[in-house]
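Q: Below is a structure I'd like to ask you about.
The values are calculated or read from the model by the stated rules, or taken from the named source; none is laboratory data. Given the structure is predicted, the values throughout are model-derived calculations rather than measurements. Cβ sites come from the backbone with ideal geometry, for glycine too, and all protein chains shown count toward neighbours. Note: accessible area is taken over every heavy atom of the protein model, side chains too, but ligands, DNA and RNA are not part of it. Shrake-Rupley method; radii C 1.70, N 1.55, O 1.52, S 1.80 Å.
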Amino acid sequence: ICILDSQGRILHVNRAWAEHRHEEGTLVGFDVGADYLSACAHEHFPSTDAILAGEDLAHGISQVLSGAVERHVSEYPCRHDADRRWFQVHVAPIRDSDRAAAIVVHSDITDRVLATERLARVDRDSSILALVAEYTDNSVVITDAQARILWVNRGFTRRTGYELAEVLGRVPGTFLQGPGADPLTVAYIRDQLRAQEGFEAEILNYHK
């Protein structure tokens, strides 16, 4: 966090700002008294992947200081050695102060960005898996934790005669298995599902 005067000069920084500046070496010259607005507009930061979106940040600060906008928010990536991080910067005006005009807050949002990227990869992988499952000749069934059917593919319908609407929410074994199904194999499958463990088994199922 830093506090700026009406000209964009640094009036005060908090401990985290000071420690980050000295540890990372990315904010050299950004001590109290420095012209932060000018530095953002012209300074190149060697450890960043982009130039701190510097011109964008400088423009945002100028807009806040002039009263043209109520606040400025932007995000930027940063790299120090092999450590890649992302930050979000907020610039907001300070009212009713003789000297302070704006507050600038840089927040580490790395965990959020990485989590979003992981979810995107999962969604992409799930979409590919769903596409493969839809068009394979094998029967594919997706259930919830209670073994109730959430989705079946076309292969399942072709092989069993059941449409998804007929089996949605039902447990597969209650209508696919019958007198010829081996009870020991049925018990094994149930035990493995209950334990949330993978398995391979052969069992007799019945067409609709």
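Q: How far apart, in nanometres, would the label points at ARG148 and GLN196 be if each is projected 7 angstrom from Cα along the Cα-to-Cβ direction?
A: Taking the simple label geometry, ARG148 and GLN196 are separated by 1.8 nm.
Q: I've got another one for you. Would you mind checking which residues have amide H under 5 Å from ARG170's amide H? H placed 1.01 Å from N; only 5 or more apart, or other chain.
A: It is ILE149, by chain and number.
Q: From the protein chains alone at 1.4 Å, what is the descending order of accessible area for ILE109, ILE128, ILE103, largest first?
A: Values: ILE109 20, ILE128 100, ILE103 50 Å².
Of ILE109, ILE128, ILE103, the descending order of accessible area is ILE128, ILE103, ILE109.
Q: Further, regarding this structure: For the stretch 100-109, in order, what is each residue's ³J(HN,Hα) by Karplus, 6.51 cos²θ - 1.76 cosθ + 1.60 with θ = phi - 60°, in whole Hz (x at glycine and Pro)?
A: Each residue's phi maps through the Karplus curve to give 5, 10, 7, 10, 10, 10, 9, 10, 6, 10 Hz.
Q: Separate question: Where only protein heavy atoms count, and the probe is 1.4 Å, what is the accessible area per residue for the chain in Å²?
A: Value returned for the chain: 63 Å² of accessible area per residue.
Q: Contact order normalised by length for the stretch 143-199, with contacts defined as Cα pairs under 8 Å and 6 or more residues apart; what percent is it?
A: Computed over the stretch 143-199, the figure is 29 percent.
Q: Quick one: if you stick a label point 7 Å off each Cα along the C-beta vector at ILE94 and ALA120, how many nm between them?
A: 3.6 nm
Q: Still on this structure, please answer the following. Order these peptides, 152-160, 136-144, by their mean beta-carbon neighbour count within 10 angstrom, highest first.
A: Packing proxy ranking, top to bottom: 152-160, 136-144.
Q: Divide the volume of the convex hull of the Cα atoms of the chain by its number of residues and quote the answer in cubic angstrom per residue. Mind showing how you got there, number by number?
A: Values: hull volume 42.9 nm³, N = 208.
Expressed per residue, the convex hull around the Cα atoms of the chain is 206 Å³.
Q: Right, next: Quick one: compute the contact order of the chain, relative version, from alpha carbon pairs under 8 angstrom and 6+ residues apart, as a percent.
A: Relative contact order here is 12 percent.
Q: Before rounding to the nearest 500, sum -39500 (n - 2.57) across all DSSP H runs of length at least 4 in the chain and divide by the residue total; then give [θ] at 222 nm in deg cm²/dmol.
A: That comes out to -12000 deg cm²/dmol.
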